[in-house]
Structures are given as C-alpha cells and as structure tokens.
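Participant: Got a structure for you, questions after.
The values are calculated or read from the model by the stated rules, or taken from the named source; none is laboratory data. Note that the structure is a prediction, hence the values are computed from the model and not measured. Using ideal geometry, Cβ is built from the backbone for each residue, glycine included, and neighbour counts are taken over all protein chains shown. Each accessible area value is taken on the protein alone, full model and side chains, heavy atoms only, with ligands, DNA and RNA left out. Shrake-Rupley method; radii C 1.70, N 1.55, O 1.52, S 1.80 Å.
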Amino acid sequence: MFSKLRKMILPMGILALGLLIAGCGGDSKKAEVPDLKELRITYVKAPLNIPSIVEKKQQSFEKAFPGVKLTFPEIASGAKQTEAMAAGELDIANALGGTSAILAAANGADVKILGIYSRAPKAFTIMVKDPSIQSVKDLKGKKIGGPKGTILHQVLLSALAAEGMSAEDVEFVNMDIPPAVAALQSGSLDAALVAGPGVYQATQNGARILKTGEGLVDAIIVIGVRGEFVKKHPSAAAKFMQVHREVVSFIKTNQAEAFKMTAEETGLSPEGVAAMASWYDFDPAVRPSDIEDLKKTQDFMIANGMLPKEKAIDIEKLFVK
C-alpha cells in the first residue's frame, strides 16, 4: 500500500508544485488567480481550529486573493457544509469532519479532499460528573448527550464496543455540544460528548474526562473542496493550500501570538488554549495512516448502520490528485 501511495504522491507533488508556480507566481500574498471572481470558504473555529482563527485575524486569504470576492460562511455542521457544496454554494470547507466527507461522497455529493486539517483524538471526549462513573462500563443504562454521526459519536460507539457493549446499552440523546455540556452540569445527563473549548470549560466547572478518542480514532478533520471548483480553478486550490501551510508554519514559530488570537476568538484564556493546543496535529500533508484511518471510519459507519454497505466508496479517490 505504502509503495503504491508513494508512486501516486510523487506526480501529485509535481503537479501541485507546477500549479503553485503557474498560479501563484511564487508569492501567495500577491499573485492573482485568472478567471476567479468569487471564493467561498467556511470559517469554523470549534473545536479549537487555531489555523482558521489565525487566518481570519491576519486576513490571510484576503491578502492572497486580491480582486476576488471572498466570503466566509460560519457553518459548523459537517452535514450543512457538504449540502452547501453539493448545491454549489460553497467552494472550500476549511475544517470538515472525515465522517461528513465520507457520507456526502457516498451519497453522490461532489466533495473531494484537498488535505488534512487536523488530527486530534485527545480533543474528542466523553465527560462525566458523577463520581460513581469510573469507567466506560459504568455508562451502561446511562443517559448520554452529543452530536450524532460525528467523530464524537464515533468515539462513544468505539469506546462501548471496546468494552463489549453497544449503542443499545445506553440512552443516547442527539444534541449539540453546548447544550450537552449544560445538561451535564445540571444533572439531566449522566455523560456528554464534548470537544474543543467545551472540554476546558466543563473541567473548570467540576466535570472530568472519562475517555478520549486516543487509541480509538485518529479524529481526522479534512479540508474539503467542491470537485467542480478544483477542476475549474486548480491554481486557486493550490494557492489556498499554500496559504494554509504558511499559517500552520507561522503558528509553530509564533505560538504565543497565535494562542492570544485564539483566546480572544474563543473566550478561553491563553493558558487554556496552550493546555489544549498540544492535543492537535495541524500538519496538512496527507499521510498513508490518514487514508487508512478514513477507511476504518467508513467500515465503522457501515458496521453501525450509519452508511449502507452498498454505498461504500473508494476512499483514495476522495483525495485531489
């Protein structure tokens, strides 16, 4: 598999380099993209999307695409992001759950993957307050809230499966993260599926992490793109990735500044951002392990009734070549 992928990646890299030279002129901040009039990129700051926050604060894409009408719709739901792409209303989903990308493509949506946004298994958690709940086994018969069909949901089902349990052993309530955290605090939930700033905030109010996604899932978030867009504007897609890579590099060498921006945007303290930032790997390069994890994710979705087996797709074909 690795040797086959390496053979595939080499021409991809050459093509990407050629696109960057032709479309970007070697300077992502000044070059123009021919025939591109409008570019729509989602802005998603949760769970703790430091690159997106820095890109917003520094106006990275505005500087990289002069003369182009840019919009940044704040669409947090993966399903709504892919619906917008399918309708031709969104070009790039900058932070799209791997599960959402797979589901959309399996259902015929024109969704492709430009690169990896993040890997953060430790950032996706099952949280509790009841001191009698000490292990996943103790969740049997308990009421658990969180967003269905997401990485968080996958963490829960994987954790249950690892203990010989299933979704039938718990009472699951489909809800967004903030209400789930509030319900956990009020006692109307026994456990909540929490990611991002909600984890830090919940711990400050007496909740604790029972289980993270570590060892269960890689929790891959991808950079999605509308297939038709990348066909028409390959140099724009290449430039987007170049800018994103530059921002990731900036974060590595200017952590204090990046953390301050993130704290201002999320309401966390810089210390809180720093404590959680180590959970995230923002390297956008696609690794063989990423592809394998997405394949495992699709298998998981099929096994748990989230995706009909006959709709399974070739994961490698999702990636823009």
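Participant: Once all Cα-Cα distances of region 267-321 are split into 10 Å bins that start at 0, what whole-number percent is in each one?
Facilitator: Spelled out bin by bin, region 267-321 gives 19, 33, 24, 20, 4 percent.
Participant: Could you name the aspartates and glutamates in cross-link range of Lys37, using Cα to Cα under 19 Å and dropping any fewer than eight places away on the same chain?
Facilitator: List returned: Glu62, Glu89, Asp91, Glu228.
Participant: Share of region 167-225's accessible area from carbon and sulfur, percent, 1.4 Å?
Facilitator: On the way: 1130 of 2480 Å².
Looking at region 167-225 in its full context, I get 45 percent from C and S.
Participant: What is the list of residues in region 262-277 whose amide nitrogen lies under 18 Å from a point 7 angstrom out from the Cα of Ala182, following Cα to Cβ?
Facilitator: 267
Participant: Okay, moving on. May I ask which of Lys69/Lys296; Lys63/Lys122; Lys260/Lys321; Lys69/Lys231; Lys122/Lys321; Lys148/Lys252 have a Cα-Cα span longer than 27 Å here?
Facilitator: Violating the 27 Å Cα-Cα cut-off are Lys69/Lys296; Lys63/Lys122; Lys260/Lys321; Lys122/Lys321; Lys148/Lys252.
Participant: If you don't mind, there's one more thing I want to ask. With a 1.4 Å probe and every protein chain left in place, work out the accessible area per residue of the chain in Å², rounded to a whole number.
Facilitator: Details: 14480 Å² over 321 residues.
Spelled out: the 1.4 Å probe surface of the chain, per residue, equals 45 Å².
Participant: Can you work out the FRET efficiency for the pair Asn304 and Glu89, with r the C-beta to C-beta distance and R0 = 41 Å, to the nearest 0.05?
Facilitator: Given R0 = 41 Å and the Cβ-Cβ separation, E is 0.85.
Participant: Can you give the extra length, in nm with one decimal, that the chain gains between Glu163 and Lys143 once fully stretched, where that is 0.36 nm per residue apart less the Cα-Cα distance?
Facilitator: The Glu163-Lys143 span can extend by a further 5.5 nm.
Participant: Sticking with this one: How would Glu265, Glu62, Glu55, Glu271 line up by accessible area, probe 1.4 Å, largest first?
Facilitator: Descending order: Glu271, Glu62, Glu265, Glu55.
Participant: Pick from Gly198, Gly78, Gly141: which residue has the top mean-square fluctuation in a GNM of the chain where Cα pairs under 10 Å get a spring?
Facilitator: Gly141
Participant: A further question follows. For a label point 7 Å from the Cα of Glu171 along Cα→C-beta, name the residues of region 189-210 whose backbone N is under 11 Å from it.
Facilitator: Residues 189-190 qualify, since their backbone N sits under 11 Å from the label point.
Participant: Here is a further query. Describe numerically, in nm with one decimal, the distance between label points set 7 Å from Cα along Cα→Cβ at Thr71 and at Lys311.
Facilitator: A separation of 2.7 nm, rounded to one decimal place.
Participant: Would you work out which of Ile151, Leu318, Gly272 lies farthest towards the positive end of the dipole of the chain, given +1 charges on the beta-carbon of Lys and Arg and -1 on that of Asp and Glu, about the Cα centre?
Facilitator: Of the candidates, Leu318 comes out farthest on the positive side.
Participant: Ok, one more. How large is log10 I(q)/I(0) at q = 0.16, 0.21, 0.23 Å⁻¹ when the Debye formula is applied to the Cα atoms of region 195-321, each weighted equally and without solvent?
Facilitator: Values, matching the q order: -1.08, -1.26, -1.31.
Participant: Only bridges with both residues in the chain count here: give the DSSP antiparallel percent, nearest 5. Write down the numbers at each step before the final one.
Facilitator: Working: 22 of 33 bridges.
Expressed as a percentage, antiparallel bridges in the chain total about 65.
Participant: Right, another one. Quick check on region 98-197: of the DSSP beta bridges with both residues there, what percent are antiparallel, nearest 5%? Intermediate results must be reported in sequence, preceding the final value.
Facilitator: Working: 5 of 11 bridges.
Counting only bridges with both partners in region 98-197, antiparallel ones make up about 45 percent.
Participant: Please give, to one decimal in nm, the separation of the simple spin-label points placed at Glu62 and Ala256, each 7 Å out from Cα toward the Cβ.
Facilitator: In this crude label model, Glu62 to Ala256 measures out at 2.7 nm.
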